[in-house]
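One structure is given here, and the rest of the page talks about it.
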Amino acid sequence: MSSLEEPLGLDNMPRLSVIGRLQHCTSTACRPRVDEMEMSNCLIEGRECSSSNSCTEEYGWRRKPRDMFSRDSLIWKTSRNDRNQMIFNKFFRGMPRYVKIVEVGPRDGLQNEKVSVPTAVKVELIQKLASCGLSVIEASSFVSPKWVPQLADAKDVMQGIKDVHGARFPVLTPNLKGFEAAIAAGAKEVAIFASASESFSKSNINCSIEESLTRYHKVVTAAKKLAVPVRGYVSCVVGCPVEGAVPAEKVAYVAKELYDMGCCEISLGDTIGVGTPGTVIPMLEAVMSLIPVDKIAVHFHDTYGQSLSNILVALQMGISVIDSSVAGLGGCPYAKGASGNVATEDVVYMLNGLGIKTNVDLGKLMAVGDFICTHLGRQSGSKTATALSKITADASKI
């Protein structure tokens, strides 16, 4: 595993308890605290360190900083202490061991970019993303070029990636015509999108919510005949640029309709990025009351910098599928002020720190972000990529 995949600086930082307090383990004193969960074995076992029997000398885990925040360390090293186990359960019990990341950069990430991206660059972007270990990469969208000119080359992109293996490449299809074009181009998976906001539905796809559901039912019916999986997106799950706050019940209704018609997975999108844990949790609870949690994904835009906190609470609620975009690319052409998606690099970095597997190589992913940002003539929207790149650059000067 690349060292970039682990939060940097843990070797040199003071040891942190899981609940966030600083605790020092010295050669003269290392005593248990009943109100904290400490990672040192001496604290877990109620030992006192001496100069001849220090934690560093006797316990190998201190020489392996990469394992310090792994799930196994957190589970097994605290199991002997009921209090510590209670704290662990409170914060980590609902989290999955593995998270599937759905990379939406080539579609949702590029659709709002002003700079025209050549087909060859899009194909290379997808190839590079697949080489990072990403198992699902949304390749393009079969919408009218009139509405999204950046993705007018969807057919050519699909042709360019037909020999790329190791990942699935769903495409967005707004109607039956788009679905048929996608299948003709070689698509093996498709996605449809409805809105929880009536106003946004009319401005985005020129029809009401009910009309859109009728339209998508035809797409799903056609997909079933060909055994083509269909993913369902719900947009504006927290707020709408026109209507403001969106009731959780409306989100749950649209999500259930998509699920019942045959969508294999429902992605809940905070299109304008206004959500916080305080609004995301009740929305997720409403949807989870109608749809199995393993069929739900989350899709956050980072307009207000809330994406990672929203993803964290989604993980705590048991959700294990996260949409994200390399370098934080994205935005919605029909949602004024919406910034890019949460950066895939930032999501992977956080999941690595939580000990949750993704099978994604963060170092390679950062290189892909550099690649596409160079072509777009812009800086990466990933804080992780920016920070690690600066650290690498500074180290090269030493």
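The table for this structure:
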| item | result |
| --- | --- |
| Check on residue 180, under 23 Å from the mean Cα position of the chain (by Cα) and acidic (Asp, Glu) | no |
| Long-range neighbours under 8 Å by Cβ, at least six apart or interchain, first residue on the phi > 0 side of the Ramachandran plot and assigned by TED's automatic domain parsing to the domain that holds residue 216 within the stretch 147-174, second modelled with pLDDT of 95 or more and crowded, with 17+ Cβ neighbours inside 10 Å | 166/130 |
| Selection within the stretch 101-120 - surrounded by fewer than 17 Cβ atoms within 10 Å (Cβ to Cβ) and more than 14 Å from residue 148 (Cβ to Cβ) | 115, 118, 119, 120 |
| Test: residue 205 is under 27 Å from residue 116 (Cα atoms) and at pLDDT below 95 | yes |
| Yes/no for residue 252 being buried (at least 23 other Cβ atoms within 10 Å of the Cβ), assigned by TED's automatic domain parsing to the domain that holds residue 319 and outside any loop (DSSP other than H, G, I, E, B) | yes |
| Residue satisfying condition, being in contact (Cβ under 8 Å) with a residue 40 or more places away in the chain and within 23 Å of residue 323 (Cβ to Cβ), within set 201, 212, 197 | 197 |
| Residue list for the stretch 127-151, filter: assigned to a helix (DSSP H, G or I) and not hydroxyl-bearing (Ser, Thr, Tyr) | 127, 128, 129, 130, 149, 150, 151 |
| Among the candidates 163, 153, residue that is in contact with a helix residue (DSSP H, G or I) (Cβ under 8 Å, 6 or more places away or on another chain) and surrounded by fewer than 23 Cβ atoms within 10 Å (Cβ to Cβ) | 153 |
| Test for residue 186: is it of a type in the set (Gly, Ala, Ser), under 23 Å from the mean Cα position of the chain (by Cα) and surrounded by fewer than 24 Cβ atoms within 10 Å (Cβ to Cβ) | no |
| Unique match (being without any contact (Cβ under 8 Å) to a residue 24 or more places away in the chain and among the aliphatic types (A, V, I, L, M)) among 227, 185 | 227 |
| Unique match (being in the same structural domain as residue 153 (by TED's automatic domain parsing) and closer than 21 Å to residue 323 by Cα) among 220, 242, 237 | 237 |
| Count of residues meeting criterion [part of a loop (DSSP other than H, G, I, E, B) and touching a Leu at 6+ places or on another chain (Cβ under 9 Å)] in the stretch 223-237 | 1 |
| Members of the stretch 274-308 found to be assigned to a helix (DSSP H, G or I) and either at pLDDT below 95 or surrounded by fewer than 23 Cβ atoms within 10 Å (Cβ to Cβ) (or both), listed by number | 277, 278, 279, 281, 282, 285, 286, 288, 293, 294, 295, 308 |
| Selection from the stretch 168-203 of residues that are of a type outside the set (A, V, I, L, M) and assigned to a loop (DSSP other than H, G, I, E, B) | 169, 170, 173, 174, 175, 186, 188, 189, 197 |
| Unique match (being under 19 Å from the mean Cα position of the chain (by Cα) and at pLDDT 95 or above) among 230, 157, 219, 234 | 234 |
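The values are calculated or read from the model by the stated rules, or taken from the named source; none is laboratory data. Everything numeric here is computed off the predicted structure, so don't read it as measured data. Positions of Cβ are backbone-derived with ideal geometry, glycine not excepted, and every protein chain shown enters the neighbour counts.
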